[in-house]
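J.: Sharing a structure here in structure tokens format.
The values are calculated or read from the model by the stated rules, or taken from the named source; none is laboratory data. Fair warning: this is a prediction, and the values are worked out from it, not measured in the lab. Cβ placement follows ideal geometry from the backbone for every residue including glycine, while neighbour counts extend to all protein chains displayed. With ligands, DNA and RNA removed, areas are computed over all heavy atoms of the protein, side chains included. Shrake-Rupley method; radii C 1.70, N 1.55, O 1.52, S 1.80 Å.
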Amino acid sequence: MEIDDNEEVQTVLARFKSDDGVALAGGLLDLPVNVTVEQLQLICNTLLNEDEPLPLAFYVNDVEIEKCLQPYLSLNKDFSASENVVDIIYQPQAIFKVRSVTRCTGELEGHTEAVLAVQFSPNGQLLASGSGDKTLRLWDIHTQTPYKTCLGHADNVLCVAWSPCGRKVASASENGKILLWNAEDGSQIGKPMIAHKKWITCLSWEPYHSNETCRFLVSSSKDTTLRIWDTVLGQTIRELNGHSMSVTCVKWGGRGLIYSSSQDRTIKVWKADDGKLCRSLEGHAHWVNSLALNVDYALRTAEFEITKKKNELESAKERAKRRYEAVGEEKLVSGSDDFTLILWKPETSKKPIERMSGHQQLINDVKFSPNGRLIASASFDKSIKLWDGNSGKFVGVLRGHVQRVYTIAWSADSRLLVSGSADSTLKVWNIKMKKLLHDLPGHADEVYAVDWAPSGDRVASGGKDKALRIWQN
């Protein structure tokens, strides 16, 4: 920093802290108040002692520093540079910037009924879609052709879930059957997993860093139960009973806990190793529809670290564990028919961090951004709301849809969000500006499912018009 010898630059005592509040070694630093983001990058990376400098974002009081520190100090009228210490929160950023999708580059034809579920593989190179035509289809997204139609279900395919290793995909149907497929050739693996008495609402795999063979899977059902499956044996190894109504969503966390939401208005926390109930989280006044973890992206992509050069000495399991642990303590957010969301620390507490109100109708989908800093919620009130991922405080609202918003998906760099709606459009939102970036018409009816590839280069959507569409820049 070049300073005029005659100009006295005011300084401030500052310390760097990680997202989870751990102070960086180096203690208090005497920094010029006009220190720039680029200079903060150099200082922080030196203290972190990284082999390769990390691209970092910096925050003061949950507001991102865009150019230099000074304007953010003046936001706090009670702050005195001579008396107070400023905490600068640093957070690693994605190394690449995702370019917004702007146009439909292909309609993938084949499904003969509504497309109900779409999901990219962990590395973003394959796509699976489930439909009311009772099939699961696997697609080569580069040639935009189906390379396998997976037959075996006798009812609507409601759920699709890729294993974190990317070599298997599970599908579940309305008649309670789960099938497992080989991602390479689309062949069925093992025997059908049949035990649920009603339709299956959600599937979640055991995290890769817990079991790199990707052997175990948990399912939730309208029959009020959850089941943990050994996919090699094709058998239930544990049945989790405790909910009194339909189980709507399930998440397998990274430290041996399973989280389930239900129409009985509760969220339950279970131990995966013995199936015992740890605690019941209560606070919603109506059905709980959706759950999201701040570690969802790290667990989904596991070993496939698209944003950073691989350490060749690090095993895939070690890489998956490092990426999971870098997120910090698990946080859970729940969305409900009571128009509210609740943010929890489910590993340790039954007490909510924050109840988030503001929606005028039920909340159908909720997702943490990949970096865990923000939460997006989609509602039947036609809006998407943004919330702080640590505190649950309201951040902003995205308006533009003219019908119910069914589904949302984040870009891998947490800068963009795509939404699908009953108004037959997808919309891409700039999160920093909190404004509509691109309106994407093309579907002829309601959009039920949307996913943004972890590789960042494309979005897939499906809906009532039976069409599966790919969107790119």
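J.: Scan the stretch 390-404 and give yes if some residue there is touching a residue at least 60 places away in the same chain (Cβ under 8 Å) and among the β-branched types (V, I, T), otherwise no.
T.: No: zero hits.
J.: Restricting attention to the stretch 255-271, which residues are open to solvent by less than 10 Å² (accessible area, probe 1.4 Å) and in contact (Cβ under 8 Å) with a residue 40 or more places away in the chain?
T.: I258, Y259, S260, S261, I267, V269, W270
J.: Restricting to strands (runs of 3 or more DSSP E) lying wholly in the stretch 173-217: which have 1 or more residues that are surrounded by fewer than 22 Cβ atoms within 10 Å (Cβ to Cβ) and either modelled with pLDDT of 95 or more or out of contact with any strand residue (DSSP E or B) (no Cβ under 9 Å at 6 or more places or on another chain) (or both)? Don't jump to the end; show me each part of the working.
T.: Values: elements: 177-182, 188-194, 200-205.
Answer list for the stretch 173-217: 177-182, 188-194.
J.: So is V60 modelled with pLDDT under 90, farther than 30 Å from T425 by Cβ, in contact with a strand residue (DSSP E or B) (Cβ under 8 Å, 6 or more places away or on another chain) and open to solvent by less than 30 Å² (accessible area, probe 1.4 Å) or not? Let's see the steps before the verdict.
T.: Numbers: modelled with pLDDT under 90: yes; farther than 30 Å from T425 by Cβ: yes; in contact with a strand residue (DSSP E or B) (Cβ under 8 Å, 6 or more places away or on another chain): yes; open to solvent by less than 30 Å² (accessible area, probe 1.4 Å): yes.
Spelling it out, V60 is indeed modelled with pLDDT under 90, farther than 30 Å from T425 by Cβ, in contact with a strand residue (DSSP E or B) (Cβ under 8 Å, 6 or more places away or on another chain) and open to solvent by less than 30 Å² (accessible area, probe 1.4 Å).
J.: Name the one entry in K434, K427 that is more than 22 Å from A161 (Cα to Cα), touching a residue at least 40 places away in the same chain (Cβ under 8 Å) and within 22 Å of the chain's Cα centre (by Cα). Before you say what the answer is, go through the steps one by one.
T.: Numbers: K427 fails: touching a residue at least 40 places away in the same chain (Cβ under 8 Å).
Exactly one of K434, K427 is more than 22 Å from A161 (Cα to Cα), touching a residue at least 40 places away in the same chain (Cβ under 8 Å) and within 22 Å of the chain's Cα centre (by Cα), namely K434.
J.: Quick test for you: out of A412, A376, A326, pick the one residue that is touching a Leu at 6+ places or on another chain (Cβ under 7 Å) and either buried (at least 22 other Cβ atoms within 10 Å of the Cβ) or among the aliphatic types (A, V, I, L, M) (or both).
T.: A376 is the lone residue from the list that is touching a Leu at 6+ places or on another chain (Cβ under 7 Å) and either buried (at least 22 other Cβ atoms within 10 Å of the Cβ) or among the aliphatic types (A, V, I, L, M) (or both).
J.: Okay, next question. Got at least one residue in the stretch 405-422 being at pLDDT 95 or above and of a type in the set (D, E, K, R)?
T.: No: zero hits.
J.: List every residue pair whose Cβ atoms lie under 9 Å apart, where the two residues are 6 or more positions apart in sequence or sit on different chains, the first residue falls within the stretch 82-99 and is of a type in the set (A, V, I, L, M), and the second residue, located anywhere, is modelled with pLDDT of 85 or more and surrounded by fewer than 14 Cβ atoms within 10 Å (Cβ to Cβ).
T.: Between residues of the stretch 82-99 that are of a type in the set (A, V, I, L, M) and residues that are modelled with pLDDT of 85 or more and surrounded by fewer than 14 Cβ atoms within 10 Å (Cβ to Cβ), the close pairs are V85/L28.
J.: Which fully enclosed strands (runs of 3 or more DSSP E) of the stretch 414-473 have 1 or more residues being touching a Gly at 6+ places or on another chain (Cβ under 6 Å)?
T.: Per the criteria, 426-430, 435-440, 447-452, 459-463, 468-472.
J.: Moving on to the next point. Could you please find all residues in the stretch 105-122 being open to solvent by 10 Å² or more (accessible area, probe 1.4 Å) and part of a loop (DSSP other than H, G, I, E, B)?
T.: Result: E109, G110, H111, T112, E113, A114.
J.: Oh, and also: Would it be correct to say that E314 is more than 28 Å from Q188 (Cα to Cα), out of contact with any strand residue (DSSP E or B) (no Cβ under 9 Å at 6 or more places or on another chain), surrounded by fewer than 20 Cβ atoms within 10 Å (Cβ to Cβ) and among the acidic types (D, E)?
T.: yes
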